[in-house]
């Protein structure tokens with residue numbers, strides 16, 4: 001099941017550049033390439049049934065920004081979570097996670113000029129974590145969806161980090177609100193997109 005889903009996602013990703021609207025060439029402008037989101041996160045370690053609750057923020061910078069609905073970006077996810085004591089684990093502790101990714105984005109929020117109502121992304125990189133005052137690190141990957149809901153733009157993100165020292169897996173699931181003044185203009189673009197799409201080149 002997973003290999004088929006993996007192939008499907010990558011097929012869609014590589015098909016998007018031919019469907020996305022190409023923008024006029026622009027000078028490298030960090031403000032126009034910068035996208036960010038913040039929200040709540042739910043985390044779990046593979047060797048424990050205990051969960052952690054926290055917050056995170058994900059700034060990203062588009063490295064490839066020539067299309068409205070397709071981009072390649074450098075993204076970082078800064079998260080902090082808290083583990084409350086329970087009958088299975090009486091220790092209270094904090095967890096901090098700092099993964100960074102090279103990320104491929106298609107559709108919703110691929111750029112600040114996107115038209116799509118839905119979007120997907122996948123990425124891979126490296127994670128630095130501090131869990132209960134113990135540092136760890138390792139390979140990390142992420143995937144998720146972006147979408148409109150109640151006139152707001154949201155990101156549903158999953159991150160899996162392979163921690164080398166503890167030989168453990170850290171799973172993080174977050175729901176984030178995408179932020180930025182440019183989203184007001186994008187709402188109008190989405191309303192008009194079905195009318196202007198035949199005239200795009």
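Nothing in this text is a laboratory measurement; each read-out follows from the coordinates by a stated rule. Note that this is a predicted model, so its numbers are computed, not measured. So basically every Cβ, Gly included, is an ideal-geometry build from the backbone, and we count neighbours across all protein chains shown.
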- For 118, 150, 45, ascending order of other Cβ atoms within 10 Å (fewest first) is 150, 118, 45
- Task: Would you mind putting 96-106, 53-63 in packing order, based on average other-beta-carbon counts within 10 Å, highest first?
- Result: 96-106, 53-63
- Can you give the alpha-carbon Rg of the stretch 36-199 over 2.2 N^0.38 Å, where N counts its residues? 1.14
